[in-house]
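Presented below is the structure to which this report refers.
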Amino acid sequence: MTPPLAVELREVSVQFGSITALNAVSIQVPAGQKVALVGSSGAGKSSLLRAVAGQVEISAGSVHALGEQIAELRPRTARAVRARIGLIAQSLDLALPLRVIHNVNAGQLGCWSSFGAFRSLVRPATGPAEQVLEQVGLKDRLWARTDELSGGERQRVAIARVLLQVPELILADEPTASVDPKLADDMMALLCRGDHALLVSAHNPQLARRHVDRLLAIRNGTVVFDVAASDIDDGDLLGFYDQ
Amino acid sequence: MASTTNDGLPPQPSVPLVTATSSQAAQLGWTSRRRLAVATTAALIWGFTRAGVDNQILNVGGWSSFSRFWRALVNPELAGDFLRLTWDATVTTLSFAVLGSVLSLLLGAIGAVGLSELFAGRGMLWRSVRALLVIPRAIHEILWALLLVQVLGFDPLVAVLAIAIPFGAVTAKVFAETFDEADRAPFLALRASGANRVQAFAYGVLPSVRGDLVSYAFYRFECAIRSAAVLGVIGVGGLGFQLDLSFETLRYGEIWTLIAALMLLSGGAEAMSTRVRSSRSRLATKATIGLLLVLIPLSVNWSGIDPRSLWSARTVSLARSFGNRIFPPRLGPDGWGELVSASIDTIAMSVLATALAATMGLALALLSRGSGSSLRSFLIRLCLLLTRAVPAPIWAFLFVLILFPGIWPGVVGLAVYNIGVLGRLFAETIDEADDRPTAALAAIGATPTQRFFYGLLPTTAPRLLALSLYRWEVIVRETVVVGVVGAGGLGQLINEHLAARDFAAVLGALGAMVVIALCLDALSATARTALR
C-alpha cells in the first residue's frame, strides 16, 4: 500500500502579473518525509510553499495538502485542515508588540475557540510554551516582548510556535536564515525530528542535505532535479548553483 | 488578571508551571501599560459618575422630532432659492477656510523661525516664543471668534482671524519641529563655508522638508474647512450659520441640503489633501497649489474682507474699552464653586466623548475593511464623512432633542463628530498595518476574531491609542464648542459671562481653560510614552 501523501501538486502554475513564479510543477511528498527545496533566490521556492499553504492563488493545476484542496473547502472544514499545517515564513509573521509567550501560544489558535484565545491573552498557560521555548534555547525570554528580540531569536520563536502546534505538515521558508551555523544545524535537526512531513526551503543546501530525506532543486519556476539526500554530495550541489 | 504581588510568592495555582522569575518579568514589563489601563478605567468610571447615569438621561418626548430629522434625509429642500442660498453659504465657508489657512501658514512660518533651534538657538527668544504660543493653541477657534466679535462685530475678519490665530500657533510648532528634526549636516556644512543662517536654511534644510510642509499645509486646510463651518454657528455666516437657522426653525429638509453641501466641501478638501499628500507627482501638487493661490483673491472679493477695519476708529475704541474691562481677570458672580464645577464638567465631557468616539470609530473602521463588500465599505466611509462634516454643536442640538440637558448631549455631540475623525484615522492605520502576521495566522486556521486579537490588535493598538490620546487633547478644547450651545462646562460658563458682558470673568474662565488644556496635554504625553 502506498503511504498517504502530505503534499501533492499537479501541474501547478503561479503567475504574478507577467512573471511566472511556478510553471506546471508536479511533486508528491509522502506523509512524514522531510524535503528541502534548493535553488537561488527568485527561483520559486517561496511561491511553492505559499501555494501549498493556500496563501497565493494558483493560475493552473491543483494543490492537495494533507489530502484536501484547501481553497475548495468550506471555511469551517478549511480551518480544521489548516490547524494541522504549521508555517514558518521568511518574514516570520510574528506580532511584534506581543509577548513571546502569546506568539508561541498562537500556534494553537486553529484548535482554540475565540473565547479561549482571548482568555489566553489575559491569563496564558505557560507550561507548554516554556517547554518548546526550552527546545529552541529561549526559555528565559518567555515574557519578553517579541520586538525586543534579535532576528535570530525571533526566528526561533517562530519555530517554537510550530513545535507547539504539532502539525502533520510543516512548511518552512528559510527558517535558519539569520542564525549562526551551529544554531542553524540544531534548528534544522529540531524541525526534522518527529512524524510530520516537512517542506523546507533552504538558503544553505549543504546544511539541509545533512538532515532531510530528499532534495528538490528549483530553477525558473520548474523542478530541475529531485533526488534522495543520500544520493548527492556537496560538490553536486555547488555544481547546481554554478550553472 | 495575573498576580500583581511582588513578594516573590508562587503565583496562584490556576496558572500552571509558571516560575517566579517569569512572573516577575511579566510584572516588570506590564507595569507602565497596566498603570495606563487602570488610570483609563478609573477616568471612565469617574466620568460616568460625574455625568450621571440613571433613567433621567433619555427624553422620550423628543423622539418624534428626532425621527423627523432622520426621515427628512430622503426629502431634502431642493427649491431654487434655497439651493442658491446653500451655494452662497458654501462659498462663504470655503473663503473663510482659504483665507484662514493661508494667514495661519504665514503666521506659522514666521513663528517657526522664532521656535526653531536653527534660528533662535535655545536662548531667551526660543523660550519666550514657546511659552507665548501655548495660549493661542489652548483656546479653541470658537472662543477666539466670540472674543473677536466683541471688538470687530460680525465682520468676516472674525472668522478668518479665529481660524488663523490658533492654527498659526500650532503650525509654527509643527514647522519648527520639522526644521529641527531634519538632517542638520547640510545646514552646518553651508554655515561652515560662509553662508548666513537664512541662506544655509534655504539651501540646506528647506529642500528636504518641503514635502512635509506642503503636506501639513493641506492637512491644515482640511481642518480649516471644518472650523469655518463650526464658526458659522456663532453667527459669522456660511454653512454653519444656515444650519443653525434651519435647526432653530425646524426645517429639517433644509438641514439635509446644507449637510450635503458640507459633505461635498469637506470630502472634496480631504480628497484633494490626501491626493497631494500621497502623490509623488510634483506637477499635480503644483497645480493644486496654483488653484488655491487663485482662490485667495477670489475669497477676499467674495467675503468682502477689508483689513482696514482692523485699525478703524471704531475697532480701536472698542478694543480699548474691551481691554480695560477684561483686565484683571476675576471669578464670575458665583465664585470658585462655579468655575471648578464647570472645569470638572469639561474634563468629564472630554473623557467620555473620547472613549465613545474611539470605541465607535474603531468598530466602524474594522467594519469598513471587512472581507470583500465594497458597498458596505463605501457606506461606512460615507457615514464617517457625514459625522465629521457636520459641526459638533449641530450634533449636540440634535441630541438635545432626546437627551435631557446636562453634559450628555455635549458628550454625544462631540463623540459623533469625532467618530468621523477618529474612524478615518483608524481605518488608515489599519490599512497601512503589516498584514503578514494576520495572514500567517489565517494560514494555520485562526478565526477572524483570533486573528484580530493575536495579529491586528497587537500590531496596531499602540498607534490607535496614541491617536486617541492626541484626539483627547483636541476634544478637551472642543468641549467649549458644545458648551456655547448650552451643553455645560467652561464653554457654557464663558458664553454666559460674555452675554453678561462680564469680560474680566471671561478672562478668568479662559485662564482655567488654558490650565486644563496644558495639564491634560502633559497627562496625554505621559500616557503616550507609557505606550512605547
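Every read-out reported here was derived from the displayed coordinates using simple, explicitly stated rules and does not represent laboratory data. A quick note: this is a predicted structure, and the numbers were derived from the prediction, not measured. We place every Cβ from the backbone using ideal geometry, glycine too, and count neighbours over all the protein chains shown.
Would you please state the base-10 log of I(q)/I(0) at q = 0.20 1/Å for the stretch A:89-243, with intensities from the Debye formula using one equal scatterer on every alpha carbon?
Log10 of I(q)/I(0), two decimals: -1.24.
Starting with the fewest neighbours, write out B:239, B:133 ranked by other beta-carbon atoms found within 10 Å of each beta-carbon.
B:133, B:239
Within the stretch A:167-243, list the trypsin sites (Lys or Arg not before Pro) lying in a DSSP loop whose Cβ has at most 15 other Cβ atoms in a 10 Å radius.
Here the trypsin sites (Lys or Arg not before Pro) that fit, given the DSSP loop and packing criteria, are A:193.
Hey, could you grab the Kirkwood Rh for the stretch A:98-162? Inverse mean 1/r over distinct alpha carbon pairs, Å, one decimal.
Taking every pair of different Cα atoms in the stretch A:98-162, averaging 1/r and inverting gives 11.7 Å.
Using Cα springs under 10 Å in a Gaussian network model of chain A, which residue among A:77, A:222, A:146 shows the largest mean-square fluctuation?
Maximum among the listed residues: A:77.
List every residue whose amide H lies under 5 Å from the amide H of residue B:330, counting only residues 5 or more places away in sequence or on a different chain, with H placed 1.01 Å from N in the peptide plane.
B:505, B:507, B:508
Before rounding to the nearest 500, sum -39500 (n - 2.57) across all DSSP H runs of length at least 4 in chain B and divide by the residue total; then give [θ] at 222 nm in deg cm²/dmol.
-26000 deg cm²/dmol
How big is the gap, in Å, between the Cα center of the stretch A:174-243 and the Cα center of the stretch B:256-270?
With the stretch A:174-243 and the stretch B:256-270 each reduced to a Cα centre, they are spaced 61 Å.
For the protein assembly as shown, what does the alpha-carbon gyration tensor say about shape, rounded, prolate or oblate, given a ≥ b ≥ c as the root eigenvalues, a/c under 1.5 as rounded, and a/b over b/c as prolate?
Because a/c hits 1.5 or more and a/b exceeds b/c, the protein assembly as shown counts as prolate.
So what is the diffusion coefficient of the stretch A:34-121 in µm² per second by Stokes-Einstein at 10 °C and 1.306 mPa s, using a Kirkwood Rh over Cα pairs?
It diffuses with D of about 105 µm²/s by this estimate.
Name the GluC sites (Glu not before Pro) in the stretch A:3-70 that are in a loop by DSSP and that have at most 16 other C-beta atoms within 10 Å, would you?
A:57
Choose one of B:360, B:305, B:335: the residue whose Cα lies farthest towards the positive end of the charge dipole of the stretch B:272-375 (beta-carbon charges +1 Lys, Arg; -1 Asp, Glu; about the Cα centre).
Towards the positive end, the residue furthest out is B:305.
Out of residues 5 or more away from residue B:403 or on other chains, whose amide H comes under 5 Å of its own, with H placed 1.01 Å from N in the peptide plane?
B:59
Taking amide H positions as placed in the peptide plane 1.01 Å from N, state which residues far from residue A:88 in sequence (5 or more) or on other chains have amide H under 5 Å from it.
Hits under the 5 Å cutoff: A:171, A:172, A:173.
Could you tell me whether the stretch B:76-324 comes out rounded, prolate or oblate from its Cα gyration tensor? Rule is a ≥ b ≥ c as square roots of the eigenvalues, rounded for a/c under 1.5, then prolate if a/b exceeds b/c, otherwise oblate.
Cα axes put the stretch B:76-324 in the oblate bin.
For chain B, list the DSSP H helices whose alpha carbon atoms reach 27 Å or more along the long axis and whose average Kyte-Doolittle value is 1.0 or above?
Once both thresholds are applied, what remains is B:80-115, B:156-181, B:282-303, B:335-369, B:503-531.
What's the percent breakdown of Cα-Cα distances in chain B across 20 Å bins, shortest bin first?
Spelled out bin by bin, chain B gives 19, 53, 26, 3, 0 percent.
Counting DSSP beta bridges in the protein assembly as shown, what percent are antiparallel, to the nearest 5?
55 percent
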